[in-house]
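Worksheet: the structure to be examined is printed underneath.
The values are calculated or read from the model by the stated rules, or taken from the named source; none is laboratory data. The structure displayed is predicted, hence computed values, not measured ones. When we count neighbours, we look across all protein chains shown, and the Cβ atoms used for this are built from the backbone with ideal geometry, even at glycine. These area figures cover heavy atoms from the full protein model, side chains too; ligands, DNA and RNA do not enter into them. Shrake-Rupley method; radii C 1.70, N 1.55, O 1.52, S 1.80 Å.
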Amino acid sequence: MSRRVLVFWGTALGVAAGIAAAAALFLPYEALRLQTLEERERAWLLTVWVAGVFAILFGLTAVLGGFGGIGAREVVEAGSVRGALESHHSARRAAGAPGLHGHFGWWLIATGALLVGIYFAAWLAWR
């Protein structure tokens, strides 16, 4: 594996673990009137789940928004939608657009998926 891939997944895992730990440490259990251990576990699970799903959705938004619009003019000039997409992708590659492991949106999706994975691991361990 390349260094870039290791940094991508290592930082995603580190941030996901940090968010899960911060949720466990800083969730205001008393203010939420969560008395029992089961109530606190459920609140932590909910927090980790929501953080993971939000990270995935925000990452998808970044990835989809990063395509830059292909409008009707580009399709007409290229002669087809496929031609417009190919010229758009070649222009992005020529401009040095980041690949999978260099795009923040993909990193955010990976971090969210790891958070959802932490949620399921904790849920299975506590049940």
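Tabulated data
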| item | result |
| --- | --- |
| Test result for A51, among the small types (G, A, S), open to solvent by 50 Å² or more (accessible area, probe 1.4 Å) and at pLDDT 90 or above | no |
| Those residues of region 14-41 which are farther than 21 Å from V53 by Cβ and surrounded by 11 or more Cβ atoms within 10 Å (Cβ to Cβ), in sequence order | Y29, L34, E39 |
| Selection count, region 75-103, where residues are exposed (fewer than 14 other Cβ atoms within 10 Å of the Cβ), assigned to a helix (DSSP H, G or I) and modelled with pLDDT of 85 or more | 6 |
| V63 among the aliphatic types (A, V, I, L, M), open to solvent by 90 Å² or more (accessible area, probe 1.4 Å), more than 23 Å from A122 (Cα to Cα) and at pLDDT below 95 | no |
| Unique residue being in contact with an Asp or Glu (Cβ under 8 Å, 6 or more places away or on another chain) and more than 15 Å from W107 (Cα to Cα) when the list is A84, A24 | A84 |
| Of all residues making up region 1-49, the number that are over 21 Å from R127 (Cβ atoms), assigned to a helix (DSSP H, G or I) and not small (G, A, S) | 13 |
| Odd one out for R3, checked against (1) surrounded by 10 or more Cβ atoms within 10 Å (Cβ to Cβ); (2) under 22 Å from the mean Cα position of the chain (by Cα); (3) basic (K, R) | (1) |
